[in-house]
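S.K.: The structure under discussion is supplied below as C-alpha cells; questions concerning it will follow.
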C-alpha cells in the first residue's frame, strides 16, 4: 500500500508516557496477533542506562487496525502510519512498520508503504535509533548494528550516509545533537558525509534549525555540540547571515566555551547568540565597551533573529543580556546603586554568565574580577527595596509632572540603594535638591 505524503506530524508535544501504560498497549497488539516492539529512542536510552521520556511502539498492525483495537486514538500522521493511543494517563505513539519512498524536499518522503520490521529499521537515520526491543522476551532486535555502535560509543548513519542526509537535511544537526548528548564519536564516513552535505542546511527552515540548536545548546553537553558544529563545517552555513563572518570564528577560542559549566543554561540559544554577537564585535585586545554600542547590539540581535528564528522572548533575553553590561563596563567604575540595579534585572544571571566568559578570554578580566567581589559583598543585602517616594509624592509636594520627574526619582532611588537615605523625609530632601539642580 502506498500513501501520498500530504499530512505532517502533529507539532504539539505529547504528554508524558509511562512505561507500564505503553507495555499494556504493546501486549494488546500482541494478543491480537500482531508483531509489536518498543522502537527507536526509548530502546537506545534503555541500553545506555538512561530513563526514556517516551515509549514508542512499532508494529505490523496498519493504522485502521490500531484504531480498532484502542478506543481513544488520534491520527496525527496517518499517511506515515502513526497513531497516538491514549491509555490511562499516557499517550503512546504507535507506528506501523514502513519503508519510505523517494524524498523531494529534504524533509519528508513523497510516499511510504507498510513493510517489515527490518525495512522499517533500515529507513531510519542512525544505527543507535534503529533498534527494537521485545519487552516480553527482553530481547533486542538489531538489523543495523546499532547495539555494537552503542557499546563502541559510535554514531553511524544507517546504510549510505550521503543518502540519509540527502533525504532529510536536518539529520546533519541531529547527528551533532546525538553525538554531543551521548558522548559518541561520529564514525569517519558519516562525519565526511556531514561535511560534504553541510550546504544542504541552507534549505532547512530557520525554525527547524532553531529548534535543534535549542536542544543541543542548553544542556551540560553544549560545549561538545558547539565544537562539532565548527568541526563538521556546519557553522559557515548556520551563521552565514550574521555580521562580520561569525562563521569564521575559531571555535576553540569561542566565548561560548567559557560559560560556567552547569547542568543547563536557561535560554541556551539566546545566550549562545549573545556570545556570538559579542565576539564578532570585539576581540580580547580591544575596548570591550564596543560590545555595548546599542546600535551594534540591535543589529546583532536582528541578524541572530533572522538567522536562527529567535522568539520574542529569546531576542529580548539576548538584547538585555548584552545591554545589561553597559553600566558595569563603562569608563567609570559602577557605584553601589548601578550594581544593585544590575543585579535586580531579570537577565542579570545571564549577563553574569557572559561576564565570566568575557573574563576567561581576557576581556576586562581585572574589572570583571572586581565586580565579582562586589556582587559577593552585596549578596546579603536587599537588592531592590521599594522606593521611598513616588511620582505621586512629588506631585503632592507641588512639583510639576514632566521629564524631570524620572531623573529626580532615579537620583533619589540611587541614594536609597547606596544607603545615603533611610526614610521618606530624607528622600524628599534629596528630591528637592535634585529638582533645584535640574535644568528648567
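The values are calculated or read from the model by the stated rules, or taken from the named source; none is laboratory data. In this text, all values refer to a predicted model and were calculated from it rather than measured experimentally. Note that each Cβ is placed from the backbone with ideal geometry, even for glycine, and that neighbours are counted across all protein chains shown.
S.K.: Applying the selection to segment 178-190, what residues are part of a helix (DSSP H, G or I) and either crowded, with 21+ Cβ neighbours inside 10 Å or free of Cβ contacts under 8 Å to residues at least 40 places away in the same chain (or both)? Lay out the reasoning, then the answer.
M.R.: If we filter segment 178-190 for residues that are part of a helix (DSSP H, G or I), which is where we start, we get 178-182, 188-190.
Across segment 178-190, the qualifying residues are 178, 179, 180, 188, 189, 190.
S.K.: Out of 414, 410, 392, I need the residue that is exposed (fewer than 12 other Cβ atoms within 10 Å of the Cβ) and either under 19 Å from residue 343 (Cα atoms) or out of contact with any strand residue (DSSP E or B) (no Cβ under 6 Å at 6 or more places or on another chain) (or both). Which one?
M.R.: On the way: 414 fails: exposed (fewer than 12 other Cβ atoms within 10 Å of the Cβ); 410 fails: exposed (fewer than 12 other Cβ atoms within 10 Å of the Cβ).
Every option except 392 fails the conditions.
S.K.: Return the residue satisfying two criteria in turn: it lies in segment 26-56 and is over 25 Å from residue 153 (Cα atoms) and surrounded by 19 or more Cβ atoms within 10 Å (Cβ to Cβ), and of such residues it is farthest from the chain's Cα centre (by Cα).
M.R.: Initial filter on segment 26-56 (over 25 Å from residue 153 (Cα atoms)): 26-36.
Within this subset, residues satisfying the condition of being surrounded by 19 or more Cβ atoms within 10 Å (Cβ to Cβ) are 26, 29, 36.
Working: 26: 33, 29: 37, 36: 34 Å.
Among them, the one singled out is 29.
S.K.: Could you check segment 353-391 and list, in sequence order, the residues that are more than 22 Å from residue 267 (Cβ to Cβ), part of a helix (DSSP H, G or I) and in contact (Cβ under 8 Å) with a residue 24 or more places away in the chain?
M.R.: 367, 370, 374, 378
S.K.: When the residues of segment 108-124 are filtered to those that are closer than 20 Å to residue 173 by Cα and touching a strand residue (DSSP E or B) at 6+ places or on another chain (Cβ under 7 Å), which remaining residue is surrounded by the most Cβ atoms within 10 Å (Cβ to Cβ)?
M.R.: 109
Yes or no, residue by residue, for (1) in the same structural domain as residue 41 (by TED's automatic domain parsing); (2) at pLDDT 95 or above:
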position	(1), (2)
111	yes, no
127	yes, yes
130	yes, yes
162	no, yes
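A quick yes/no check of all residues on (1) out of contact with any strand residue (DSSP E or B) (no Cβ under 9 Å at 6 or more places or on another chain); (2) modelled with pLDDT of 90 or more; (3) buried (at least 18 other Cβ atoms within 10 Å of the Cβ):
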{"site": "201", "(1), (2), (3)": "yes, yes, yes"}
{"site": "219", "(1), (2), (3)": "no, no, no"}
{"site": "238", "(1), (2), (3)": "yes, no, yes"}
{"site": "243", "(1), (2), (3)": "yes, no, no"}
{"site": "247", "(1), (2), (3)": "yes, no, yes"}
{"site": "253", "(1), (2), (3)": "yes, no, no"}
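S.K.: Out of all the residues in segment 87-96, which are under 29 Å from the mean Cα position of the chain (by Cα) and surrounded by fewer than 18 Cβ atoms within 10 Å (Cβ to Cβ)? If you could, list the steps in order and put the result at the bottom.
M.R.: Here is the first cut: in segment 87-96, the residues under 29 Å from the mean Cα position of the chain (by Cα) are 89-95.
Answer for segment 87-96, where residues must be under 29 Å from the mean Cα position of the chain (by Cα) and surrounded by fewer than 18 Cβ atoms within 10 Å (Cβ to Cβ): just 89.
S.K.: Among the residues of segment 302-313, write down those that are surrounded by 23 or more Cβ atoms within 10 Å (Cβ to Cβ) and assigned to a helix (DSSP H, G or I).
M.R.: Taking segment 302-313 first, the residues surrounded by 23 or more Cβ atoms within 10 Å (Cβ to Cβ) are 304, 308, 310.
Within segment 302-313, 304, 308 meet the criteria.
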